[in-house]
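A short worksheet on the structure shown next.
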Amino acid sequence: MEYRRVKDQEGYDAISQKDIESPAGRSLSSTAATSPLVTAGGTKGKHSWKQKSIVTIALTLLTSSQAILIVWSKRAGKYEYSVTTANFSVEALKCLLSLLALYRTWNSQGVTEDNRLSTSFDEVSVYPIPAVLYMVKNLLQYYIFAYVDAPAYQILKNLNIISTGVLYRIILKKKLSEIQWAAFILLCAGCTTAQLNPSSDHVLQTPIQGWMMAIVMALLSGFAGVYTEAIIKKRPSRNINVQNFWLYIFGMLFNLVAICVQDFDAVMNKGFFHGYSFITLLMILNHALSGIAVSMVMKYADNIVKVYSTSVAMLLTAIVSVFLFGFNLSLAFFLGSTVVSISVYLHSVGKPQQQK
């Protein structure tokens with residue numbers, strides 16, 4: 001019996017070898033078996049690369065044009081429209097886009113426990129905090145341009161990386177690597193270098209008011225971002241569009257309060273959309289789509305996409321500002337933006353490795 005079993009096994013091996021090998025000695029069965037997988041993998045890889053490319057280009061264009069559109073919307077150095085109504089319009093548009101995305105989800109997957117809009121008080125009560133932080137930060141975004149130009153704003157906006165990193169360490173207890181701490185120092189050096197003004201008695205182009213507003217904006221953005229991430233991770237199965245919807249609803253409510261406090265008489269006498277131009281509408285659309293683009297980066301791409309987009313956006317903003325606003329592209333700005341780009345890259349790749 002043992003002899004017969006061995007012979008049968010030898011016969012099976014011979015047949016298998018004959019089926020597998022061609023006269024040229026090449027493995028046909030293996031090729032035939034793996035070809036569909038390779039093709040599918042190649043198709044999936046191309047599709048993923050295409051998505052990343054589209055998202056990267058979209059995020060870069062939206063980021064670089066954001067500051068330009070805000071500056072461009074001013075007339076004779078001031079805003080003819082109410083910035084509080086513009087901020088409210090951004091939140092309303094983002095809320096509408098989230099609802100449209102949810103409608104598509106309901107049509108394809110049906111209404112489930114994780115994608116329904118109805119919620120509990122405990123779940124929705126956490127959204128007012130990031131909503132009010134984002135409102136204040138977004139309003140400051142308009143007023144900071146009294147002290148800085150568009151390229152300087154793009155540089156200083158990277159300070160939120162430092163605030164986010166420190167708050168991650170304090171609130172979420174996430175460790176930072178030595179490379180990331182070094183990246184923070186480089187980022188500060190790059191921001192300072194880009195603001196050097198050799199042709200004036202003032203050492204820095206941006207006055208102290210601009211720096212203070214940039215630091216406050218960075219702290220608000222960092223704290224709001226960390227707090228929002230903590231909310232999302234508290235219930236990871238919850239549809240992101242539902243979470244965004246409730247965040248934007250509270251954003252609309254707080255901006256409505258800001259309108260009543262700051263611009264109530266102007267809105268009642270002149271109208272909600274008084275002073276709006278085509279550039280203003282483009283700016284509102286840009287702000288709304290930027291939030292959507294960041295969500296797409298989280299879904300289809302990775303953190304390195306944001307790094308490249310931020311770096312390229314700084315240079316694009318500077319180049320476009322040369323032609324639109326007569327910005328002087330100095331050597332100090334070029335060197336500073338280069339250092340900032342390197343620091344952003346180091347912060348991205350320098351994440352602590354997980355212990356196995």
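The values are calculated or read from the model by the stated rules, or taken from the named source; none is laboratory data. Keep in mind it's a predicted model, so treat the numbers as computed, not measured. All Cβ positions, glycine included, derive from the backbone under ideal geometry; neighbour counts span all protein chains shown. To get the accessible areas, we keep the full protein, side chains included, count just its heavy atoms, and leave off ligands, DNA and RNA. Shrake-Rupley method; radii C 1.70, N 1.55, O 1.52, S 1.80 Å.
Details
- The residues of the stretch 65-223 present an accessible area of 49 Å² per residue when probed at 1.4 Å with all protein chains retained.
- Our coupling estimate for the stretch 228-243, obtained by passing each phi through the Karplus curve with A = 6.51, B = -1.76, C = 1.60 and θ = phi - 60°, is 5, 4, 5, 5, 5, 6, 5, 9, x, 7, 5, 4, 5, 5, 5, 5 Hz, Gly and Pro reported as x.
- For residue 269, the shell of other residues with beta-carbons less than 15 Å away shows a net charge of -2, using +1 for Lys and Arg and -1 for Asp and Glu.
- Packing-based ranking, highest mean first, of 87-97, 138-148 given that Cβ atoms within 10 Å are counted: 87-97, 138-148
- Packing, as the average of other Cβ atoms within 10 Å across residues, places the peptides 210-220, 149-159 in the order 149-159, 210-220, highest first.
- Local electrostatic count, residue 114, Cβ distance below 14 Å [Lys/Arg +1, Asp/Glu -1]: +2
- The phi-based Karplus calculation (6.51 cos²θ - 1.76 cosθ + 1.60; θ = phi - 60°) puts the 3J(HN,Hα) values of the stretch 251-266 at x, 5, 5, 5, 5, 5, 5, 5, 4, 5, 6, 9, 10, 4, 5, 5 Hz, whole numbers, x for Gly and Pro.
- Rounded, prolate or oblate (a/c below 1.5 giving rounded, otherwise prolate when a/b exceeds b/c) for the stretch 100-148 by Cα gyration tensor: oblate
- Carbon/sulfur fraction of accessible area - the stretch 61-168, other protein chains in place, 1.4 Å, %: 62
- Near residue 71, once Lys and Arg are set to +1 and Asp and Glu to -1 for all other residues with Cβ below 12 Å from its Cβ, the sum equals +2.
- Overall form of the stretch 89-174 per C-alpha gyration tensor (a/c, 1.5; a/b vs b/c): prolate
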